[in-house]
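Each reported figure results from applying straightforward, stated rules to the coordinates on display, with no laboratory input. Keep in mind that this is a model prediction, so the values were computed, not measured. Reconstructed Cβ throughout: ideal geometry from the backbone, glycine too, with neighbour counts over all protein chains shown.
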Amino acid sequence: MDTSLVQATTNAVAPFVHSERLSIRQRKRWLEILFSWESKNTYLVFDQNEQPVFEVRELGKGFGNLLKRLFLGPIRPFTSEVQSLAQQRALLSLRRPFRFIFHRLEVSTPDGTRLGAIQKRWTWFRRKYTVEDASGQEVATLFGPFFRPWTFKIRMAGSEQDVGLLQKKWSGLGKELFSDADNFWIQLENIQNPQLRALLFSATVLIDVVHFERAK
């Protein structure tokens, strides 16, 4: 691989080296909560010490983006950006192309260097996503048990052993009843590869929109 591409990848995933457990909290404005208005998704991310480390912000302006949110809802295409709060710079670009069923999220550096993708797979009852590396090879799986709709187990490719967990947290009765402001945490301490950590973290954005964002 070209040394410039290696450096771009290293710079993008370096902040995830120490990200053993992350808490992802969706930020909602009162107008959205009171009137069930869906605007661009924004998340604030905290580390295991409850320090804010990242912000994830859905991009896009104009009437076209408004129509996509109104009429396509949780199946809309979008692009989001992951920012490092400490370094005040963009780390990742998350692009979701339009898919009616087999949802996908493509992850790259801000300059377009491909890091990998998250791909929903067909199953009869359970929820399954595969994590692909930059070459398209499957490196991990997110597996949602049928009777635990708020939980996704992380497994390395070809293994049945759980190495991590992604889980939606209870947001409180008020938020759960009147809004779709979602909170998640993801456990990554048994995963050493910072690039895989970055991809698994990115999967939270896709899973939130597909499974927990209300269709209007």
What ranking do 211, 103 get, fewest neighbouring Cβ atoms within 10 angstrom at the top? 211, 103
If unit charges are put on Cβ atoms (+1 for Lys and Arg, -1 for Asp and Glu) and the dipole of the chain is taken about its Cα centre, the option from 129, 116, 86 lying farthest towards the positive end turns out to be 129
Between the modelled labels at residue 126 and residue 146 (7 Å from Cα along Cα→Cβ) the distance in nm is 1.0
In the chain, once you exclude exposed chymotrypsin sites (Phe, Trp or Tyr not before Pro) (DSSP loop, at most 12 other Cβ within 10 angstrom), what's the longest stretch remaining? 1-97
Just tell me the longest site-free run in the chain, where the sites are GluC sites (Glu not before Pro) in a DSSP loop having at most 10 other beta-carbon atoms within 10 Å. 51-159
Sites matching trypsin sites (Lys or Arg not before Pro) across region 35-87 that sit in DSSP coil, with at most 13 neighbouring C-beta atoms within 10 Å: 61
How far apart, in nanometres, would the label points at residue 49 and residue 86 be if each is projected 7 angstrom from Cα along the Cα-to-Cβ direction? 0.8
Report the label-to-label distance for residue 57 and residue 6 in nanometres (one decimal), using points 7 Å from each Cα along the Cα→Cβ vector. 3.4
Helix runs (DSSP H) in the chain reaching 18 Å along axis by Cα, Kyte-Doolittle at least 0.0: 194-207
Read through the labelled values [x] 16.5, 51; [y] 17.8, 62; [z] 19.3, 64 and report the label of the one computed as Rg and Dmax of the Cα atoms in Å from the structure. [x]
Entries in 61/168; 61/128; 68/120 that, when Cα-Cα distance is taken, lie over 26 Å: 61/168; 61/128
Karplus 3J(HN,Hα) series, Hz, for region 114-124 with 6.51 cos²θ - 1.76 cosθ + 1.60 (x for Gly, Pro): 5, 9, x, 7, 10, 10, 6, 10, 6, 9, 6
How much FRET efficiency would the formula 1/(1 + (r/R0)^6) give for residue 160 and residue 102, where r is the Cβ-Cβ distance and R0 is 25 Å, rounded to 0.05? 0.60
For the chain, what is the calculated [θ] at 222 nm in deg cm²/dmol (nearest 500), taking -39500 (n - 2.57) for each run of four or more DSSP H residues and dividing by its residue count? -6000 deg cm²/dmol
Can you put 128, 120 in order of Cβ neighbours within 10 angstrom, beginning with the fewest? 128, 120
